[in-house]
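Step one of this worksheet: look at the structure below.
The values are calculated or read from the model by the stated rules, or taken from the named source; none is laboratory data. Because the structure is predicted, anything quoted here is derived from the model rather than measured. Here Cβ is always computed from backbone atoms with ideal geometry, including for glycine, and neighbour counts include all displayed protein chains.
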Amino acid sequence: MNSNTGLYHRFQQEGWQRAAAAYDAFWKDLTRPFALDLVRAAGVTRGTRLLDLACGPGYAAEAAYERGAIPLGVDFSPEMIRMAKLRLPLIRFCEGDARALEFQEHSFDAVIMNFGLPHVSDPGAVLREARRVLKPGGIFGFTVWAGPESNPGSGMVHDAVRAYADLDVPLPSGPDYFIFGSAEECGNELAEAGFKADSLVFQSKTRLWEVPSPSFLFEAELHAGVRTSAVLRAQRPEVLLAIQKEIERSVLAYRSGPGYAIPFTAHVIAVKGV
Ligand SMILES: C[S@@+](CC[C@H](N)C(=O)[O-])C[C@H]1O[C@@H](n2cnc3c(N)ncnc32)[C@H](O)[C@@H]1O
């Protein structure tokens, strides 16, 4: 592990520890529905022994449990694990690093990761670990956000940051956020980690995120994440205000009932181990 990887890992861990409660408050109505798509794609059913990597407050473990599976959630943030245990006392959760799992090989029928991979300092190590702990014939499923060009929700944040932010801010650099953005890229990364790339199923799904106000998305990005949040918090006040106004202006186009319904697109990916 080089020093950049270690620095980025600590940046992520401290960030998620700080943002845990806000993450659950802001993002759960968006990422939880995709967890349903994910457990379906991973073939989770009654009795499936399942590992939910980077589980956060436990949405994907919860979706699996509701289908009769036997989930175990792992996250490197003690605060996320504390919240998951509080929300879901019947499910097992424990602290752990997705890059170096403390489980024996062939321990799980399925491994899933809902919006976790883009945040890890070494995605290749996570893929190799997922494959190692999967039983023969087991499935690894994960979700990632589609890139801003095909994802209206992410696109409006990306465009506002690009238009106004000073991106030359001192932050540890991490892997490309959109590394799993196409079936071809996924296939290459997964094959390198030893998965059966010819079993890959790559689906893109769009869901509407209902938010109460035009500022909700900006506030979520500012308070309830790590990478974009750090970029925003490093901006001068007038720049931050310009970014906020621009995002709010974009959200206004999605008026729906008393609030706003913003489309977000994610890739739901499933592949067989050995
Ligand atoms: C965007 S949140 C996703 C949370 C949750 N899976 C969901 O469905 O919304 C990313 C999560 O990844 C966790 N995480 C990031 N890097 C990790 C690592 N190396 N090992 C374990 N968890 C990690 C963070 O603590 C955080 O809970």
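Looking at 160, 100 in this structure, which one is near the ligand (Cβ under 9 Å from one of its atoms) and either of a type in the set (Gly, Ala, Ser) or without any contact (Cβ under 8 Å) to a residue 24 or more places away in the chain (or both)?
Result of the check over 160, 100: 100.
Can you work out which of the residues in segment 205-249 that are of a type in the set (Ser, Thr, Tyr) and surrounded by 15 or more Cβ atoms within 10 Å (Cβ to Cβ) is nearest to residue 182 (Cα to Cα)?
Among those that are of a type in the set (Ser, Thr, Tyr) and surrounded by 15 or more Cβ atoms within 10 Å (Cβ to Cβ), it is 228.
Pick from 173, 250, 204, 229: which is touching a residue at least 60 places away in the same chain (Cβ under 8 Å), under 28 Å from residue 25 (Cβ atoms), within 16 Å of the ligand (Cβ to nearest atom) and not aliphatic (A, V, I, L, M)?
When all the criteria are applied, what remains is 229.
Test residue 77 against the criterion of being over 17 Å from residue 142 (Cβ atoms), at pLDDT 95 or above and within 9 Å of the ligand (Cβ to nearest atom), and give yes or no.
yes
Can you say whether residue 225 is modelled with pLDDT of 95 or more and farther than 20 Å from residue 145 by Cβ, as far as the supplied structure shows?
no
Which one is surrounded by the most Cβ atoms within 10 Å (Cβ to Cβ) among residues in segment 67-90 that are β-branched (Val, Ile, Thr) and closer than 19 Å to residue 116 by Cα?
74
Could you check segment 24-51 and list, in sequence order, the residues that are within 12 Å of the ligand (Cβ to nearest atom), of a type in the set (Lys, Arg) and in contact with a strand residue (DSSP E or B) (Cβ under 9 Å, 6 or more places away or on another chain)?
Matches in segment 24-51: 32 only.
Keeping to segment 11-23, report how many residues are within 11 Å of the ligand (Cβ to nearest atom) and surrounded by fewer than 19 Cβ atoms within 10 Å (Cβ to Cβ).
Of the residues in segment 11-23, 6 are within 11 Å of the ligand (Cβ to nearest atom) and surrounded by fewer than 19 Cβ atoms within 10 Å (Cβ to Cβ).
Matching residues to (1) touching a Pro at 6+ places or on another chain (Cβ under 8 Å); (2) farther than 20 Å from residue 274 by Cβ; (3) within 9 Å of the ligand (Cβ to nearest atom):
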{"position": "86", "(1), (2), (3)": "no, yes, no"}
{"position": "105", "(1), (2), (3)": "no, no, no"}
{"position": "109", "(1), (2), (3)": "no, no, no"}
{"position": "119", "(1), (2), (3)": "no, yes, yes"}
{"position": "126", "(1), (2), (3)": "no, no, yes"}
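Here are 54, 61: which of them is buried (at least 23 other Cβ atoms within 10 Å of the Cβ), more than 8 Å from the ligand (Cβ to nearest atom), under 25 Å from residue 268 (Cβ atoms) and in contact (Cβ under 8 Å) with a residue 12 or more places away in the chain?
It is 61.
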